[in-house]
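To keep things clear, I will list the structure first and then write my remarks on it.
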Amino acid sequence: VQLQAFGGGLVEPGGSLRLSCTADGETVTIVRRGWFRQAPGKQREMVAQIISREGTKYSDSAKGRFTISGDDEKTTVNLQMTSLTPDDTADYYCNFIDTRDRPYWGQGTLVTVSS
């Protein structure tokens, strides 16, 4: 499965941004889709996930501000981000995981929150 992420950019504090990720390949075995991020000097962290048969999961920092969505065919995953702060500045990576726990990563897309 090959993933391609879109939508990063520069946004002012308080602004919104939508990230999208599309998958090319066999996705029927995908059980998790989501977004991670990595800020300079920090470890990569989970932001939000769609978990098959369970629903969605968000980090504490994303709850109430970000919304994850995706299609039923498991070929896309989107992240709508609102009320952005400079602490949200990071490279954002989409991630798919299959039934064998194999991870697939998209290329990072940079989100910069700055005035």
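Residue check: is K63 among the basic types (K, R), open to solvent by 60 Å² or more (accessible area, probe 1.4 Å), at pLDDT 95 or above and part of a strand (DSSP E or B)? So K63 does not fit the description; no. Only a single criterion out of (1) farther than 14 Å from N95 by Cβ; (2) in contact (Cβ under 8 Å) with a residue 40 or more places away in the chain; (3) open to solvent by less than 20 Å² (accessible area, probe 1.4 Å) is not satisfied by V77, namely (1). Scanning for something surrounded by 12 or more Cβ atoms within 10 Å (Cβ to Cβ), part of a strand (DSSP E or B), touching a residue at least 40 places away in the same chain (Cβ under 8 Å) and hydrophobic (A, V, I, L, M, F, W, C), does region 41-54 turn up at least one residue? Checked region 41-54: at least one residue is surrounded by 12 or more Cβ atoms within 10 Å (Cβ to Cβ), part of a strand (DSSP E or B), touching a residue at least 40 places away in the same chain (Cβ under 8 Å) and hydrophobic (A, V, I, L, M, F, W, C). Being of a type outside the set (A, V, I, L, M, F, W, C) and open to solvent by 90 Å² or more (accessible area, probe 1.4 Å) is the filter; apply it to region 1-40 and report the residue that is nearest to T112 (Cα to Cα). Filtering first and then ranking leaves E12.
The values are calculated or read from the model by the stated rules, or taken from the named source; none is laboratory data. Model, not experiment: these values are computed from the prediction. With ideal geometry, Cβ positions are generated from the backbone for all residues, glycine too; neighbour counts draw on all protein chains shown. Accessible surface areas use protein heavy atoms only, side chains included; no ligands, DNA or RNA. Shrake-Rupley method; radii C 1.70, N 1.55, O 1.52, S 1.80 Å.
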